[in-house]
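What follows is a short report on a single structure.
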Amino acid sequence: MRKKLRETNVRLAYLRTQGGKAMIEYVRRHLQGHLQYYGVSGNSRGLRQHVHKIRRILFKWINRRSQRRSATWATFDKTVAQYILPVRIVHNLYPSPR
């Protein structure tokens, strides 16, 4: 998980010059793939932690786009909430009996 967070941090640093929309789109695609792969029964805590850390990294790089702090957590949540997928279990490893 640390390696993927470092890679995401480097990628967002590179995308900073391309604008906020490019950064948000990259994070959306990254989280969609992560949730599809790791979204199995019993991993909801790990998924929530990963999404939280990715959101913190995105917040950091969005605020570094200018010399002033360009976003607060409130405005960040309003803007990014529509793009970031909710954390959910995709693959149920323990189906209920019929």
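With respect to Lys3, determine if the residue is basic (Lys, Arg) and surrounded by 11 or more Cβ atoms within 10 Å (Cβ to Cβ). No. Of the residues making up region 78-93, those that are touching a helix residue (DSSP H, G or I) at 6+ places or on another chain (Cβ under 9 Å) and closer than 17 Å to Ala22 by Cα number 5. Scanning region 50-98 for residues that are at pLDDT below 90, of a type in the set (Gly, Ala, Ser) and farther than 15 Å from Glu25 by Cα yields a total of 4. Here are the criteria: (1) surrounded by 13 or more Cβ atoms within 10 Å (Cβ to Cβ); (2) in contact (Cβ under 8 Å) with a residue 40 or more places away in the chain; (3) in contact with a Ser or Thr (Cβ under 9 Å, 6 or more places away or on another chain); (4) not in a helix (DSSP H, G or I). Tell me which single one Leu93 does not satisfy. Every condition holds for Leu93 apart from (1). Is it the case that some residue within region 10-27 is in contact with a strand residue (DSSP E or B) (Cβ under 9 Å, 6 or more places away or on another chain) and either more than 15 Å from Asn63 (Cα to Cα) or crowded, with 16+ Cβ neighbours inside 10 Å (or both)? No: zero hits.
Scanning region 28-42 for residues that are surrounded by 14 or more Cβ atoms within 10 Å (Cβ to Cβ) and farther than 20 Å from Arg56 by Cβ yields Gly39, Val40.
Comparison of Arg68, Arg55 shows that the only residue that is of a type in the set (Lys, Arg) and more than 16 Å from the chain's Cα centre (by Cα) is Arg68. Is there a residue in region 2-19 that is of a type in the set (Val, Ile, Thr), out of contact with any Leu (no Cβ under 7 Å at 6 or more places or on another chain) and at pLDDT 95 or above? Looking through region 2-19, at least one residue is of a type in the set (Val, Ile, Thr), out of contact with any Leu (no Cβ under 7 Å at 6 or more places or on another chain) and at pLDDT 95 or above.
The values are calculated or read from the model by the stated rules, or taken from the named source; none is laboratory data. These numbers come from a predicted model, not from an experiment. So basically every Cβ, Gly included, is an ideal-geometry build from the backbone, and we count neighbours across all protein chains shown.
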